[in-house]
1. Please go through region 33-64 and give me each residue that is under 20 Å from residue 105 (Cα atoms) and not in a strand (DSSP E or B), ordered by number.
2. Among the residues that make up region 65-79, is at least one of them over 26 Å from residue 125 (Cα atoms), surrounded by fewer than 19 Cβ atoms within 10 Å (Cβ to Cβ), at pLDDT 95 or above and within 16 Å of the chain's Cα centre (by Cα)?
3. Which one is surrounded by the most Cβ atoms within 10 Å (Cβ to Cβ), of the residues in region 117-130 that are modelled with pLDDT of 95 or more and assigned to a loop (DSSP other than H, G, I, E, B)?
4. So how many residues does region 31-59 have that are at pLDDT 95 or above and touching a helix residue (DSSP H, G or I) at 6+ places or on another chain (Cβ under 8 Å)?
5. In the list 138, 133, which residue meets the criterion of being in contact with a strand residue (DSSP E or B) (Cβ under 7 Å, 6 or more places away or on another chain) and surrounded by fewer than 18 Cβ atoms within 10 Å (Cβ to Cβ)?
6. Being surrounded by fewer than 15 Cβ atoms within 10 Å (Cβ to Cβ) and more than 22 Å from residue 89 (Cβ to Cβ) is the filter here, so list the residues in region 37-55 that pass it.
7. Restricting attention to region 93-116, which residues are part of a strand (DSSP E or B) and either loosely packed, with under 15 Cβ neighbours inside 10 Å or over 14 Å from the mean Cα position of the chain (by Cα) (or both)?
8. With 110, 72, 87 as the choices, which residue is out of contact with any strand residue (DSSP E or B) (no Cβ under 8 Å at 6 or more places or on another chain) and within 27 Å of residue 134 (Cβ to Cβ)?
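The values are calculated or read from the model by the stated rules, or taken from the named source; none is laboratory data. Not measured: the values here are computed from a predicted model. Note that each Cβ is placed from the backbone with ideal geometry, even for glycine, and that neighbours are counted across all protein chains shown.
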């Protein structure tokens, strides 16, 4: 089993010109309990099943197991998912030895744009690209599994006022 170590950020600037690829992602959750998730993800013409453990208190690390599965199996598994699906486009931006994954959300989460940077260790330092703003690591509202039950459209205005966005 692997360890996922990542930081999340609010996106405040232009990133598309730096992206080397863009893909469409649809994902759903078969289970979301006690911070543990079982996720099915379709990314363009490939699919994965992912099991994640609960996040550490700071939201930086958690255990992750992921395997590619047949696309038809994933489509069938999406039918078992609770609460619908997350729909987004992901832009890949290489940045000073790291990969920044920028997600533009659609549907009930339309208007939300955030980025993740996977790290090699918790101590790994990253020079942030200029298009990143406030760090969101550990803010559980921004977990994809939580965006299904509490979509961004329901709290976007209050979040913007609280954070002077």
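1. Once the filter is applied, which keeps residues that are under 20 Å from residue 105 (Cα atoms) and not in a strand (DSSP E or B), region 33-64 yields 44, 45.
2. No, every residue in region 65-79 fails to be over 26 Å from residue 125 (Cα atoms), surrounded by fewer than 19 Cβ atoms within 10 Å (Cβ to Cβ), at pLDDT 95 or above and within 16 Å of the chain's Cα centre (by Cα).
3. Among those residues, the one meeting the criterion is 129.
4. The qualifying residues number 9.
5. Going through 138, 133 in turn, just one is in contact with a strand residue (DSSP E or B) (Cβ under 7 Å, 6 or more places away or on another chain) and surrounded by fewer than 18 Cβ atoms within 10 Å (Cβ to Cβ): 133.
6. 54
7. 93, 94, 95, 98, 99
8. Being out of contact with any strand residue (DSSP E or B) (no Cβ under 8 Å at 6 or more places or on another chain) and within 27 Å of residue 134 (Cβ to Cβ) holds for just one of 110, 72, 87, which is 110.
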